[in-house]
Amino acid sequence: MDKTKAKELAFDIVKVLDNKKAFNIKVLDVGNQTVIADYFVIACASNNTQINAIADEVEFKTAENGINCTRREGRMGADWTVLDYDSVIVHIFNRDTRSKFNLEKLWADAEDLDITQLITE
């Protein structure tokens, strides 16, 4: 997937996350720091059940558009679920786990993309 399509996918995923009440959503452009992906989409959910529901919805909505998740880590009860779309990797955390791993600090050199137009208040 080229970088433009990967960015579109990341932004589409942000909309799904927002619609399912995920919060503190960020998109990091990590393409210059690693070969594993172009973008990380990071979000929080209120509890582990919501993490699973949000991840299921992201997989459902992307599959509707012909884009399938190549790998999923974290299932029911997990406090961190990762959806791998090759060029886009989605991380859905509970608050404590996100704070503990602090991916934004780990990937501090990555550009934090402006997604304010995609998020509802």
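Derivation of every value follows stated rules applied to the coordinates shown; laboratory data play no part. Computed from a prediction, not measured in an experiment: that's the story for all the values here. Glycine also receives a Cβ, built like all others from the backbone with ideal geometry; neighbour counts cover every protein chain displayed.
Would you mind telling me which residue in 77, 66, 31 has the biggest mean-square fluctuation in a Gaussian network model of the chain, where springs connect alpha carbons within a distance under 10 angstrom?
Residue with maximal mean-square fluctuation among 77, 66, 31: 66.
Based on DSSP, what percent of beta bridges with both residues in the chain are antiparallel, to the nearest 5? Intermediate values should be presented prior to the final figure.
Numbers: 15 of 22 bridges.
So the antiparallel bridges in the chain amount to around 70 percent.
So if R0 is 22 Å, what FRET efficiency would residue 100 and residue 76 give, r being the distance between their Cβ atoms, rounded to the nearest 0.05?
Between residue 100 and residue 76 the formula returns 0.60.
Averaged over every viewing direction, what's the projected area of the C-alpha convex hull for the chain? Give it in nm², one decimal, please. Kindly include the intermediate steps, with their values, before the conclusion.
Working: hull surface 27.3 nm².
Quarter of the Cα hull surface area: 6.8 nm².
With a 10 Å cut-off between alpha carbons and a GNM built on the chain, which of 23, 40, 60 moves the most?
Residue with maximal mean-square fluctuation among 23, 40, 60: 60.
Cross-link candidates for residue 21: which aspartates and glutamates have Cα within less than 17 Å, leaving aside residues fewer than 8 places away along the same chain?
Qualifying aspartates and glutamates at Cα under 17 Å: 12, 56, 57, 59, 79, 121.
With a/c under 1.5 counting as rounded, go ahead and sort the stretch 68-121 into rounded, prolate or oblate using the C-alpha gyration tensor (a ≥ b ≥ c being the square roots of the eigenvalues; past the cut-off, prolate if a/b is larger than b/c, else oblate).
rounded
Taking only Cα atoms and a 10 Å spring cutoff, compute GNM fluctuations for the chain and point out the largest among 26, 61, 105.
105
Want the number for residue 23 to residue 53: 0.36 nm per residue separation, take away the alpha-carbon distance, what's left?
Details: separation 30, 0.36 × 30 = 10.80 nm, distance 1.39 nm.
Full-extension gain reported as 9.4 nm.
Sum up the charges of everything whose Cβ sits under 13 Å from the Cβ of residue 70, counting Lys and Arg as +1 and Asp and Glu as -1, but leave residue 70 out.
Working: positive: 71, 72; negative: 59, 73, 84, 86.
Charge balance near residue 70 sits at -2.
Can you tell me which lysines have their Cα less than 23 Å from the Cα of residue 15? Leave out same-chain residues fewer than eight positions away.
Answer for residue 15, where 23 Å is the Cα cut-off: 3, 5, 7, 26, 61, listed by chain and number.
Summing Lys, Arg as +1 and Asp, Glu as -1, what charge do residues with Cβ under 15 Å from the Cβ of residue 32 carry, residue 32 excluded?
Spelling it out: positives minus negatives among the neighbours equals -3.
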